[in-house]
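A.B. asks: Sharing a structure below in structure tokens format, with a few things to ask.
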Amino acid sequence: MVFTAKFPMKFICPICQRIYLFRFKNEVVFYPACPHCTKPGKLLGFSTQLDFLRYPKAFVKSYLV
């Protein structure tokens with residue numbers, strides 16, 4: 001089954017309590033590391049349109065990486 005998402009997935013780092021976004025890719029089988037402390041984060045679900053307004057830099061960065 002091919003799965004494509006319009007919005008990136010939203011994670012929270014349990015160590016530094018920061019929210020970060022990661023675009024879903026089919027080959028990814030692990031949770032991505034926090035860009036600040038490099039520890040794996042906890043999945044919060046898919047980001048929403050409201051997240052685009054709350055975290056515009058992170059939203060754009062998730063598509064550029």
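The values are calculated or read from the model by the stated rules, or taken from the named source; none is laboratory data. Computed from a predicted structure; not experimentally measured. Cβ atoms come from the backbone with ideal geometry, glycine included; neighbour counts cover every protein chain shown.
A.B. asks: Give all pairs with beta carbons closer than 6 Å in which a residue from segment 37-58 that is within 19 Å of PRO14 (Cα to Cα) meets a residue that is among the aliphatic types (A, V, I, L, M) and not in a loop (DSSP other than H, G, I, E, B); count only pairs at least 6 apart in sequence or on separate chains.
C.D. replies: PRO40/ALA33; GLY41/ILE12; LYS42/ILE12; LEU44/ILE12; PHE46/MET9; SER47/LEU21; ALA58/LEU21
A.B. asks: Still on this structure, I have one more. Identify the residue in segment 1-45 that is modelled with pLDDT of 85 or more and charged (D, E, K, R) and, among all such residues, is nearest to VAL60 (Cα to Cα).
C.D. replies: LYS10
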